[in-house]
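Below is one structure, written out as structure tokens; the observations come after it.
Here, each number is a calculation from the coordinates, and none is a lab measurement. All figures in this text were calculated on a predicted structure; none of them were measured in a lab. Glycine gets a Cβ as well: all are built from the backbone with ideal geometry, and neighbour counts include every protein chain shown.
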Amino acid sequence: MEKIRLSKLMSEQGFCSRREADRFIERGWVSVDGESISELGFKIYPTQKIQLNKAAQIQQQHQITILLNKPVGYVSGQAEPGYQPAINLINRESQFIDKKFPQRFNQAHLKKLAPAGRLDIDSQGLLVMTQDGRIAKQLIGNDSKIEKEYLVRVEGSLPREKLALLNYGLSLDGQALKHAQVSWQNKDQLRFILKEGRKRQIRRMCELVTLKATGLKRVRIGKVKLANLPEGKWRYLREDEFF
């Protein structure tokens, strides 16, 4: 049995992200088999017991996650020439106050806040931004099985056999796509449910069956729905919500 880098193993076991793990290790907040570890790059066997001390656990409890209804024209991550990043929408004025969780905006919550997944510049809807590496891994990790649901306006005809292809049988960049759930929502709108997120995946899938996607809105991630969150507004993920 080979040893594995401690931070990598912590990420794989769901303690936190690898970046967070490195920060916790540097501060001496991680122990292995009861021994405190502060050496970055330290390797252990997968069978050894990892524990976070109380300081790390408290910090994790205070990490926040934000749900944003991103409008078209904003990029999910870093700013691009001529376009603003979605994080610019997170401020006091644009907060949607949830009666079940009336926490008010705190400027400190922008620190280390990052998108957990992409939503293209020409798409709108639910975008998750979080400080919590556990949530980021859950949503965008290589082994993530979280569903993402989209409503997609399309132009063109779609015979039954091509609708079947959208559900399973297409490939992008030489790699087969996972099973999807695609059905008609109404006469010009499809509902897509995916468990993966390739770059511009839905638009490219539509092109492969000679459809043109003219509008795309993400309405659900896992168990969390966009619901009545207005466009351009955001709210905190509640303590009773889980993806």
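What pairs in LYS137/LYS199; LYS99/LYS148; LYS49/LYS225; LYS137/LYS217; LYS100/LYS212 have C-alpha atoms more than 28 Å from each other? Display every interim value, and only then the final one.
Numbers: LYS137/LYS199 18 Å; LYS99/LYS148 26 Å; LYS49/LYS225 36 Å; LYS137/LYS217 23 Å; LYS100/LYS212 40 Å.
The answer is LYS49/LYS225; LYS100/LYS212.
Please express the Cα-Cα pair-distance distribution P(r) of segment 58-205 as a list of whole percents, one per 5 Å bin, running from 0 to the bin with the greatest distance.
In whole percents, the pair-distance histogram is 2, 8, 16, 18, 18, 15, 11, 7, 4, 1, 0.
Determine the calculated [θ] at 222 nm for the chain from helices alone, applying -39500 (n - 2.57) to every DSSP H run no shorter than 4 residues and normalising by the residue count; nearest 500 deg cm²/dmol.
On the way: 6 runs with 48 residues, N = 243.
Taking each H run of at least 4 residues, the total per residue is -5500 deg cm²/dmol.
What is the Cα radius of gyration of segment 114-189 over 2.2 N^0.38 Å, N being its residue count?
Values: Rg = 15.0 Å, N = 76, 2.2 N^0.38 = 11.4 Å.
Its radius of gyration relative to the 2.2 N^0.38 Å reference: 1.32.
When the convex hull of the Cα atoms of segment 101-145 is projected onto a plane and the area is averaged over all directions, what value comes out in nm²? Let's see the in-between values first.
Values: hull surface 18.2 nm².
Answer in nm², one decimal: 4.5.
Starting from the 7 Å offset along Cα-to-Cβ, what nm value, one decimal, do you get for the label separation of LYS225 and ASN88?
Reported label-point gap for LYS225 and ASN88 is 3.2 nm.
Can you give the FRET efficiency to the nearest 0.05 for ALA55 and SER171, using r as the Cβ-Cβ distance and R₀ = 41 Å? Display every interim value, and only then the final one.
Values: r = 47 Å, r/R0 = 1.15.
With a Förster radius of 41 Å, E is 0.30.
Shape of segment 4-61 from its Cα gyration tensor (a ≥ b ≥ c, root eigenvalues): rounded if a/c is under 1.5, otherwise prolate when a/b > b/c, or oblate? Display every interim value, and only then the final one.
On the way: a/c = 1.42, a/b = 1.29, b/c = 1.10.
It is rounded, given that a/c, with a ≥ b ≥ c, falls under 1.5.
Build a GNM of the chain with springs between Cα atoms under 10 Å: which of PRO46, PRO159, PRO102 gets the top mean-square fluctuation?
PRO159
For segment 148-221, just list the percent of Cα-Cα distances falling in each 10 Å bin from zero outward, please.
Bins of 10 Å from zero give 20, 62, 18, 0 percent of pairs.
Please give the contour-minus-distance gain from GLU155 to ARG19: 0.36 nm per residue of separation, less the Cα-Cα distance, rounded to one decimal in nm.
Working: separation 136, 0.36 × 136 = 48.96 nm, distance 4.30 nm.
Separation in residues times 0.36 nm, less the Cα-Cα distance, equals 44.7 nm.
Give me the extension gain from GLN181 to LYS43: residue separation times 0.36 nm, minus the current Cα-Cα distance, reported in nm with one decimal. It would help to have the intermediate numbers written out before the result.
Numbers: separation 138, 0.36 × 138 = 49.68 nm, distance 4.13 nm.
Additional length available on full extension: 45.5 nm.
Hey, quick one: spin label on ALA114, modelled 7 Å out along Cα-Cβ, who in segment 217-243 has an amide N within reach, i.e. under 20 Å?
Correct set: 237, 243.
If I model a spin label as a point 7 Å beyond the Cα along the Cα-Cβ vector, how far apart are those points for GLN189 and PHE96 in nm?
In this crude label model, GLN189 to PHE96 measures out at 1.5 nm.
Counting Lys +1, Arg +1, Asp -1, Glu -1, what net charge surrounds ASP188 among other residues with beta carbon under 9 Å of its beta carbon? Don't jump to the answer; show the numbers that get you there.
On the way: positive: ARG153, LYS187; negative: GLU155.
Result for the neighbourhood of ASP188: +1.
Compute the Cα gyration tensor for segment 50-113, then decide on rounded, prolate or oblate, letting a ≥ b ≥ c be the square roots of its eigenvalues: rounded whenever a/c is under 1.5, prolate when a/b is larger than b/c in the other cases, and oblate in all that remain.
On the way: a/c = 2.88, a/b = 1.55, b/c = 1.86.
Oblate.
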